[in-house]
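Structure record follows, encoded as structure tokens.
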Amino acid sequence: MEDSKDVKVETKPIDESPSRSKDLSKTLPEEAFNNFLQGKRHMLVQDYSFAVQSLSTACELYTQHFGELAIECGEVHFMYGKALFRLSQQQAGILGGALNEETNDDDDEEPEKSSEEENKENDESEKNDSDTENGEENQEGEGTPDEKEPSESTDSPQHVGEDSLKESNDKESKEPATAENETSNSNDDPQEVEDDDLELAWNSLETAKSIFLRQGEDNVEAQLKVAEILHLLAEISMESDNNMAAINDLNACLDIKKKHLSPDDRLLAETYYQMGLAQMLEKMYVDALDNFRTTVKILELKIQNLKSTPVSDEPGSFDRADVEKEIEDLESVLSDIREKIEDTRELIEDAKKVVEERITIKRNELEKVGFPEADKNTNKPVSNITHLLKRKKPDQEEEERESKRTKLSSNVQNGDASVTK
């Protein structure tokens, strides 16, 4: 009996193992939620690399627990895709800055090379001086036959020093080459990483969009989230030089925001401005100008509404300061957009000039071939040629009529005679 009791005591931890796994499954959403909160904090401080790490773990745990297309996973997929996209933008900016620094370093290396050449010249002059001194010593030693002539062996300190200098110079010449190869490899790798991040961001945002779309059009919060996702997808398309896809996504985004946002909302203005940028990349300058003007109207309406709304002047409240700060920000944004409008107008004028120049070139080519311009022909008056026609005299007209009548009568008589026969 004692042995059986001992066996039961030993088997208790094995029986409790399923309960531990159940406890682990209960704590799984808490771990995922903590990673999700950490990722959102990193996003607020724009620490996108750590945000991607935390949100990747959260996304994996949420998907394992709820399913990939569960409603609970929509926000996690959205934040993860957004973090990946911002990280790729940040890496692209860092890479561009590094390339600019490399070009500046190449410009700065030229004076350094001149200093290295001066050092080499100094070393050569020192070597020549030492050679002349050695020659004089050898000439003095020829007078004494008992003394041995110095042998030019490689074990002499001069040759040892020269060999060491050569080796050091060879190492220095090899080190920059290896450094350049490493920098070239490092420049290639970030581009591949950036493309991978954009692809992952696109897939994650598409998954989030499908989740929020399944919640129905009546859910305003879900619809606005879809609009935000469409805006991000448009930005990714613009990064990939797919501007027409970006314009389509922004049109769908505008349709949603017009339904659920006020006419003076800054998010609406932001979408119109992004649409203008995408259209400028596609050289749709007239449409871009219209969208920039619409952006200005929305922001001006926002400033007007902020100035007209009453603000409490209670002690300790920062409402007035917040409103004044927002108005100041909007005015600075308006100045930038107005400059963009002026730039777009100049582009439109330049495009018109190019078209006119092409038309004139074509006209000149046609004139050389022998085709006159159509415009000159249309401006000429129609010439009247009635005076060139020869008119018959009335007497001649009457004679011709009588001759025709006689011919007809004779033909008729002959026909009757044939009939009677």
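Rule-based calculations on the coordinates, nothing more; no lab input. None of the values given here were measured: they were computed from a predicted structure. Cβ: placed from backbone, ideal geometry, glycine included. Neighbour counts: every protein chain shown.
Paramagnetic label reach from Asp350 (point 7 Å along Cα→Cβ; backbone nitrogen cut-off under 17 Å): within segment 270-291, residues 277-289. Annotation for Glu342 and Glu72: the two label points, set 7 Å from Cα along the Cα-Cβ direction, are 5.6 nm apart. Does segment 262-346 come out rounded, prolate or oblate, given a ≥ b ≥ c as the square roots of the eigenvalues of its C-alpha gyration tensor, rounded meaning a/c under 1.5 and, failing that, prolate meaning a/b above b/c? Taking the square roots of the gyration eigenvalues as a ≥ b ≥ c, segment 262-346 is prolate. For segment 246-354, applying the loop criterion from DSSP together with a ceiling of 16 other beta carbons within 10 Å to the GluC sites (Glu not before Pro) yields Glu282.
Loop-located chymotrypsin sites (Phe, Trp or Tyr not before Pro) in segment 267-342 (DSSP state not H, G, I, E or B) with no more than 14 neighbouring Cβ atoms inside 10 Å: Phe318. If the chain linking Asp319 and His65 were pulled fully straight, counting 0.36 nm for each residue of separation and taking away their Cα-Cα distance, it would gain 87.1 nm. Applied to segment 197-209, the Karplus parametrisation 6.51 cos²θ - 1.76 cosθ + 1.60 on θ = phi - 60° returns per-residue 3J(HN,Hα) values of 5, 5, 5, 5, 4, 4, 5, 5, 5, 5, 5, 5, 5 Hz, with x for Gly and Pro. Taking 7 Å steps out from each Cα toward its Cβ at Leu267 and Ala252 produces label points 1.7 nm apart.
Karplus-based coupling profile of segment 297-314, in residue order and whole Hz: 4, 5, 5, 5, 5, 5, 5, 4, 5, 5, 6, 7, 6, x, 10, 6, 9, 5, with θ = phi - 60° in 6.51 cos²θ - 1.76 cosθ + 1.60 and x standing for Gly or Pro.
For Glu326 and Leu37, what does the FRET efficiency come to when R0 = 35 Å and r is the distance between their Cβ atoms, rounded to the nearest 0.05? Efficiency for this residue pair is about 0.80. One chain, two ends: Leu44 and Ser308. Fully extended at 0.36 nm per residue, the span grows by 91.9 nm beyond their Cα-Cα distance. In order along segment 275-281, the phi-based Karplus estimate (6.51 cos²θ - 1.76 cosθ + 1.60, θ = phi - 60°) of 3J(HN,Hα) comes to 4, x, 5, 5, 5, 5, 5 Hz; Gly and Pro are listed as x. Separation of the alpha carbons by more than 18 angstrom is noted, of Lys258/Lys297; Lys259/Lys307; Lys82/Lys259; Lys257/Lys307, for Lys259/Lys307; Lys82/Lys259; Lys257/Lys307.
Between Glu30 and Ser240, the contour length at 0.36 nm per residue exceeds the alpha carbon distance by 71.9 nm.
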